[in-house]
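Some notes on the structure that comes next.
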Amino acid sequence: MDKIQLGEFIKSLASDLEIKEGKQYLEVTVPPSMLYQLARQLREKEEAQFDFLFCLSGVDYGSDLGVVYHLRSTIYDHVVVLKTRTSDREHPQLDSVADIWLTANFHEREVFDLLGIKFKNHPDLRRLFLDNSWGFPLRKDYVDDINIVYK
Amino acid sequence: MLPDIVALTTSPSLSVPWWKVVYDFSSLTEWIDASLHNYMSPFWTTITEMLIIGVLILLFYAVIGLFLVYAERKVCAFMQNRLGPNRVGPFGIFQTIADLFKLLFKELIPIKNADGFLFNLAPFIVIIASFMAIAAIPFAKGLHAIDLNIGVLYVMAVSAMGVIGVLLAGWSSNNKYSLIGAMRSGAQIVSYELSVGLSIITIIILAGSMQLSVIVEAQRDGWFIFKGHIPAFIAFIVFLISSTAETNRGPFDLAEAESELTAGYHTEYSGIKFAFFFLAEYINMFIVASIAATVFLGGWMPFHVGHWVGFNYIMDFIPPFIWYIGKTFFVIFLMMWFKWTFPRLRIDQLLTLEWKYLLPINLVNVLIMAFIVLMGWHF
Amino acid sequence: MEEKEIITTPDEEQEYVINMGPQHPSTHGVLRLLVSLKGEKVKSIQPHVGYIHSGIEKMCESITYPQIIHLTDRMDYISAHINNEAVCLNVEKALEIDIPDRIKVIRTIMSELTRLQSHQLWWACFGMDLGGLTCFFYGLRDREKILDIFEETCGGRMIVSYNCPGGLMYDIHPNFQKRVKDFIKYFRKILPEYDQLLTGNVIFHERSRGIGKLTKEDAISFGVTGPTGRASGFSCDVRKHEPYSAYDRVQFKEILHTEGDTFARYIARIDEMWESMNIIEQLIDNIPEGPFAVKMKPVIKLPEGEYYQRVETARGELGVYIISDGNKNPYRVKFRSPNFSNLSVLNHIASGFKIADLVAIGGSLDLIIPDIDR
Amino acid sequence: MNNEWLILFFLVGAIFVGVVLIFSGIVAPKSTNPQKFDPYECGIPTEGVTWLQFNVGYYLFAILFLVFDVETVLVFPWAVVMKETGMAAFIEIIIFFFILGLGLLYAWKKHALIWE
Amino acid sequence: MRSIINYLKEIIFGVWSLLKGMKVTGSYFFRPGTIVTQKYPSNRKDLVMFDRFKGEVVMPHNEKNEHKCTGCGICELNCPNGTIEIISKTIITEDGKKKKAIDKHIYRLSMCTFCALCVKTCPSNALAFSQKFEHAVFNRALLIKTLNKPGSQLMKGVE
């Protein structure tokens, strides 16, 4: 499927999605409540078969915290980018997709470690790189007076 | 009071070339024995002889250990396209001595919660085991500290005692790697002891004796590896494999598998205690190579070819000690070659190799050899 | 000496936990594996990473695009050149710059040389993991020859920093073509020796066949890419699926195996070495003339938007995800590193095997720890 | 035979190790850093106890070893006299090995030779 | 019967494969000419690094103790790690004009990652890489270097 068909197909799965044709990939913005449902459908629907989550990145958008999922189908070779964001910076919580794509297990731990986004139903949500005394360094408001030299 | 190898040696007569007399160490030792008797009582003679022999063997032990470490480093370096040690002395020959001094002056770290007594006992056991084994090896005609009538069995038994040291070292270190290494080592020795025994049995059938001097003497007209046709050769190969395994050398160095268990049973040993394990490993290698040389390759017997009188004459000219050392080092070189070529086996494969391949082959081999001897087909 | 208590509870109740790493000969780099054992058998593995977490993604947010390049060198330092290329390609794609053929071809040759030396190093270390120490020296001996080529052209041996947005830092050295050709000639003779030493070896076969099986479905789900994924039959070669640089003009096979065990991963890499040599040979004689870099503005600013570029490093798919807000610094950079996903599969494929197998499997995954930690 | 000489070698070996250890103990430096005395576990403190029951799975091998090692020792005297005794010894050993071989085959078929 | 043949085959092929491996190592053992090791400190004299080797950043001076650095600070800007620090001063040129020039070009070797951005972006080609690679020192302070030599001047004609 090309981008347009794919966009229509995703629209048919769920309404009120913000679908944008990016420069490279089709970008779909999903509200956090619908994320897990949509992800599962994208993985399992015969026409989509997005079986390869090739990138999962947490992004601090300033006001919101978000996660970007790059999905690819190894069968049809089409790509879609799912984006979801939560405005709760204190206790951000999203659904885990670790049971849909096993690679998300580690990637979500990384996002939790560096951005502090908690993932519901994650099998083993611990910090990955840093120990518990650290803040969340990839957030834009992270301040570290000792290790970062401001010029 | 020296071993009764004297009985086996022919008395020097005019028909024997002069070098044969010189190369026969029994006359020398006999002379020393006799002259000592002239000066002191038999008791003190024994004590003096013991001292001389003890010190000589100790020196030999240390020199062989140091030389083998150097040789190993050079051999592996050349196989790996490297130069190896080349700084201390010409071609780095004093490198191991320098290393020895370094190890001697290094700290002996007492490990927390380790079983101190066993921890210190382990190096004693490995060294004593190898030391007692080296005593029974005939280096040349008459150059023989003890000549037991069960020589082969004795060397096998005593050298296998070293594994107790390895087990103790692993167990007492309070280290998980060491413990696993020790357990592996136990399983390994337990298995490979069999193959060593059976492959030697194959030759004992030919020789008809377990006394090492007799075995060597029986190879006067040809080494057993040639005399015994294919079974002897197979026995030699099996002996090589299983003795490599018994000395914990690669590709069977599971007890100290570097990439898995860091250093296995001697992980916690430092300084000179580690050096003892290191030394014992090389001496054990020397012992099994000596056994292989003695039992299969004719010990200090020169290489003779049928009726080539001139050739045989030249071969006789080479001293027996050189023959013995040459053969031993050939076997040691083979073992080094194995180590620096092959990847390491896994513990279950190690046991599979023993129980499913070497043992059945050995059993059949013994039967074939017995049959050959029965039929008188051997040379 | 005080009396020590020796606890003798059955092993089902008590875990025998052993730490492999961070200071362990077989975990290349500072990876810590917490291994629960039952006898010699591995029950489960918990990887602990982060010992050399350097915050490259955070650092990237405060430096300019040309400066990012030198940081990517330090992620997967064995295939540094390909990492550089990923960032450069992404920046060039965002700026919509046409890259002359010369640059593309040189980049491709350098990438393949990088892949070759990476696989040589891997072969060396894998052989050492399995206890064949000689492999290590042969592998490194041949790798030095490629590093010499790098050093002559780029000035660095491992950390090349040869790419920059818009082209290359310098033109290739006049000796480059001759040296590469000499090397290919030399290595075509040496590679069969590798086979004799390790590939055909019966001990090696026993150690690697059927060990650490990874099915295709699991490989895709775990995001295992590179030779590791392709050994499981997962066609994931970015060079084929999304050709970049000059990969669309060369003929090469995507190495696919279906067994998915350690031996397949081994063979996949050995085959890739042959393929890399083929690719280099196709390109080395006809490097087009032209400039070695496109004139760029002194300050590179990416238009607002999101850019994603995938490249095939020696270990798998490296993705560079740049979010730009129009400034000279990126807003967010995410490196999708291949080793990160490859590591996550370790527990899945290695549990149930023995410690020695764990070492073999870990070696066959070819993990580079700075790439995981970033 | 001077089998008592074995004691000499035992003693020389023991004295050798002992003297060198004592010498090294005198000349070698001593550290006071308590972390140095921790058992090595890749730079991480050991978790749990080291000395717990450890399943190596060689129980069956130990049993088999016992059987076969005793057998080997029995075969040694046979091997010495094989040449002189001739046919009778040969037939005896065939029977002996046959029974042993059956034992090995049984163990093989029962998968006792697989390391668990 | 077949299993016995397979069993024997296995042994023979196994031994054969091992022998092949031994052939490789053995052949190297008997060919010491292939040894690649260099005796490093003793071959210092013939050890020539490649021209482009990035040993450390230097500022070439000519025989009149002149360099090309104008003190523009582009290298300092371009350095990703803050390796370079330029301390400038104001000098009065011969024709009486006030002009900015470098006082000290400080280079911290310990922080340098050899990315070559400073050398590449320098508008007056004042910086270059030297081929020196023996950087080990006992004191870290020695790794902070001042690139311009004392008393050096800007080369004529470089703006």
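Brief remarks follow.
- Which listed residue, of B:PHE117, B:PHE124, B:PHE94, is away from chain D (no Cβ under 12 Å) and under 19 Å from D:ILE22 (Cβ atoms): B:PHE117
- Subset of region B:286-308 (residues that are among the small types (Gly, Ala, Ser), more than 21 Å from B:ARG249 (Cα to Cα) and touching a helix residue (DSSP H, G or I) at 6+ places or on another chain (Cβ under 6 Å)): B:GLY299
- Members of region A:1-28 that are within 12 Å of chain C (Cβ to nearest Cβ) and of a type in the set (S, T, N, Q): A:GLN24
- You will find that of B:TYR269, B:TYR282, the residue that is outside any helix (DSSP H, G or I), open to solvent by 10 Å² or more (accessible area, probe 1.4 Å) and among the hydroxyl-bearing types (Ser, Thr, Tyr) is B:TYR269 and no other.
- Picking from residues in region B:145-161 that are more than 8 Å from chain D (Cβ to nearest Cβ) and open to solvent by less than 10 Å² (accessible area, probe 1.4 Å), the one that is nearest to B:LYS273 (Cα to Cα) is B:VAL155.
- Qualifying residue in region A:76-96 (condition: open to solvent by less than 50 Å² (accessible area, probe 1.4 Å), without any contact (Cβ under 8 Å) to a residue 24 or more places away in the chain and within 18 Å of C:SER344 (Cα to Cα)): no
- Filter result for E:GLY21 (surrounded by fewer than 11 Cβ atoms within 10 Å (Cβ to Cβ) and not basic (Lys, Arg)): no
- Taken over region B:162-194, residues that are within 16 Å of B:ILE291 (Cα to Cα) and either not in a helix (DSSP H, G or I) or not charged (D, E, K, R) (or both) amount to 2.
- Extreme residue, farthest from C:ALA293 (Cα to Cα), among residues of region C:165-198 that are open to solvent by 20 Å² or more (accessible area, probe 1.4 Å) and at the interface with chain E (Cβ under 10 Å from one of its Cβ atoms): C:GLN196
- Restricted to region C:25-67, and to residues there that are free of Cβ contacts under 8 Å to residues at least 24 places away in the same chain and under 30 Å from D:TYR59 (Cα atoms), the residue that is farthest from the other protein chains (Cβ to nearest Cβ) is C:SER36.
- Scanning region D:24-45 for residues that are open to solvent by 30 Å² or more (accessible area, probe 1.4 Å) and either more than 7 Å from chain B (Cβ to nearest Cβ) or on the phi > 0 side of the Ramachandran plot (or both) returns D:ILE26, D:THR32, D:ASN33, D:PRO34, D:GLN35, D:GLY43, D:PRO45.
- The residue that is nearest to the chain's Cα centre (by Cα), among those in region A:29-72 that are more than 13 Å from every other protein chain (Cβ to nearest Cβ) and of a type in the set (Lys, Arg), is A:ARG40.
- Single residue of E:CYS79, E:CYS69 found to be closer than 20 Å to E:SER130 by Cα and at pLDDT below 85: E:CYS69
- Of the residues making up region B:85-103, not a single one is touching a helix residue (DSSP H, G or I) at 6+ places or on another chain (Cβ under 8 Å), surrounded by fewer than 20 Cβ atoms within 10 Å (Cβ to Cβ) and under 30 Å from B:SER27 (Cα atoms).
- Applying a threshold of 8 Å to beta carbon distances and a minimum spacing of six or more residues, or different chains, the list of pairs starting in region D:20-33 at a residue that is more than 12 Å from B:ILE109 (Cα to Cα) and ending at one that is part of a loop (DSSP other than H, G, I, E, B) reads D:LEU21/B:LEU108; D:VAL27/B:PHE105.
- The number of residues in region B:172-192 that are closer than 17 Å to D:THR46 by Cβ and either in contact with a helix residue (DSSP H, G or I) (Cβ under 6 Å, 6 or more places away or on another chain) or open to solvent by less than 10 Å² (accessible area, probe 1.4 Å) (or both) comes to 10.
- So E:LEU8, is it loosely packed, with under 13 Cβ neighbours inside 10 Å and either in the same structural domain as E:LYS145 (by TED's automatic domain parsing) or under 30 Å from C:GLY200 (Cβ atoms) (or both): yes
- Within the set C:ILE109, C:ILE99, C:ILE103, the sole residue that is more than 12 Å from chain B (Cβ to nearest Cβ) and open to solvent by 10 Å² or more (accessible area, probe 1.4 Å) turns out to be C:ILE99.
- The lone exception for B:PHE371 - which of (1) away from chain C (no Cβ under 14 Å); (2) surrounded by 18 or more Cβ atoms within 10 Å (Cβ to Cβ); (3) within 19 Å of B:ILE234 (Cα to Cα) it fails: (2)
- Residues that are more than 19 Å from C:TYR307 (Cα to Cα) and in contact with a strand residue (DSSP E or B) (Cβ under 6 Å, 6 or more places away or on another chain) within region A:66-85 comprise just one, A:THR74.
- Qualifying residue in region E:40-48 (condition: in a loop (DSSP other than H, G, I, E, B) and over 30 Å from B:PHE78 (Cβ atoms)): no
- Evaluating B:VAL288 against the criteria (1) in contact (Cβ under 8 Å) with a residue 60 or more places away in the chain; (2) in a helix (DSSP H, G or I); (3) more than 26 Å from D:GLU71 (Cα to Cα); (4) open to solvent by 10 Å² or more (accessible area, probe 1.4 Å) leaves one unmet condition, (3).
- Screening the candidates C:SER111, C:SER161, C:SER118 for the property of being outside any helix (DSSP H, G or I) and among the hydroxyl-bearing types (Ser, Thr, Tyr) yields one hit, C:SER161.
- Scan of region C:219-251 for residues that are open to solvent by 10 Å² or more (accessible area, probe 1.4 Å), in contact (Cβ under 8 Å) with a residue 12 or more places away in the chain and within 12 Å of chain A (Cβ to nearest Cβ), ordered by number: C:ILE220, C:PHE222, C:GLY233, C:SER235, C:LYS240, C:GLU242
- Residue list for region D:78-89, restricted to those being within 9 Å of another protein chain (Cβ to nearest Cβ) and open to solvent by 20 Å² or more (accessible area, probe 1.4 Å): D:TRP78, D:VAL80, D:VAL81, D:LYS83, D:GLU84, D:MET87
The values are calculated or read from the model by the stated rules, or taken from the named source; none is laboratory data. Model, not experiment: these values are computed from the prediction. Note that we place each Cβ from the backbone using ideal geometry, even for glycine, and neighbour counts take in every protein chain shown. The protein model used for the area step is the full one, side chains on, heavy atoms only, and it has no ligands, DNA or RNA in it. Shrake-Rupley method; radii C 1.70, N 1.55, O 1.52, S 1.80 Å.
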